[in-house]
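One structure is given below, encoded as structure tokens.
The values are calculated or read from the model by the stated rules, or taken from the named source; none is laboratory data. Worth saying up front: this structure is predicted, and the values here are computed from it rather than measured. In this analysis, Cβ positions are derived from the backbone assuming ideal geometry, glycine residues included, and neighbour counts consider all displayed protein chains. Note: areas computed on protein heavy atoms with side chains; ligands, DNA, RNA excluded. Shrake-Rupley method; radii C 1.70, N 1.55, O 1.52, S 1.80 Å.
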Amino acid sequence: EVAMKKILSPLAALLLGAGCLVRSVPPWLSAETRVDEPALLGAWHDAQGDAAAFFTGSSQEYQVLVVDDGKDVSRFVATLHRLGDLLLLQVGPTEPDHLNGCALLPGHLLFKAALADGTLELFALDLDSFAARAEKAALPLLPGGSPGDGYVLAGDTPAAEAFVRGQLADPTFFAEKPLYSFRKLPVSAE
């Protein structure tokens, strides 16, 4: 358990630096539900969380650069998915640039995304109910998870996607308040 926490601690710090989250070793969602949203491209700022996110790319895969607390820089790959009326943003690690990156446990985050009128709110999965939901669905979690430390889902993408689809009707599957509330920054004229 101590060894697992040593592996998961760098992952928690790596993934958005946002504290306790639910990660999944396999992607949460398959490529079939991906959508392209040009409004997502650009620079976003969350003044309350002192974070900035820069979305670039196309073809339904976004490169994301996150600057947290004005100094911590992280790079991710993100895909936007539509399931029913909901937009979901799946965020995962980029390919490691160096061998030490291979030692980190990969993980994918899933957010409910509310994108409208120059705002982007990202709602994390509800930590308090996640373990019970996963247990009821017989989804494997890596040991050592808790609402205070977050959870890591193991398994495969089809099982994770079926789980997500089964939970979407419950409004408490995602946190009530957004983890990030971004406003789009205007494009500067050169």
Report yes if some residue within segment 132-150 is open to solvent by less than 40 Å² (accessible area, probe 1.4 Å), closer than 29 Å to Asp46 by Cα, in a strand (DSSP E or B) and in contact with a Lys or Arg (Cβ under 8 Å, 6 or more places away or on another chain); otherwise report no. yes
Which pairs turn up if I take residues in segment 70-85 that are at positive phi and look for partners that are modelled with pLDDT under 90 and buried (at least 18 other Cβ atoms within 10 Å of the Cβ) with beta carbon separation below 9 Å, at least 6 apart in sequence or on another chain? Gly70/Ala51
Is it true that some residue in segment 146-167 is aromatic (Phe, Trp, Tyr) and over 29 Å from Pro38 (Cα atoms)? yes
Taking segment 67-84 only, how many residues are touching a helix residue (DSSP H, G or I) at 6+ places or on another chain (Cβ under 7 Å) and open to solvent by 40 Å² or more (accessible area, probe 1.4 Å)? 1
Quick check: is even one residue across segment 154-167 exposed (fewer than 12 other Cβ atoms within 10 Å of the Cβ) and touching a helix residue (DSSP H, G or I) at 6+ places or on another chain (Cβ under 7 Å)? no
Within segment 46-65, restricting attention to residues that are at pLDDT 90 or above and among the aliphatic types (A, V, I, L, M), which residue is surrounded by the most Cβ atoms within 10 Å (Cβ to Cβ)? Ala53
Show the residue pairs that are 6+ apart or on different chains and have beta-carbon atoms under 6 Å apart, the first residue being within segment 156-180 and closer than 26 Å to Val66 by Cα, the second being surrounded by 11 or more Cβ atoms within 10 Å (Cβ to Cβ) and among the basic types (Lys, Arg). Phe174/Lys112
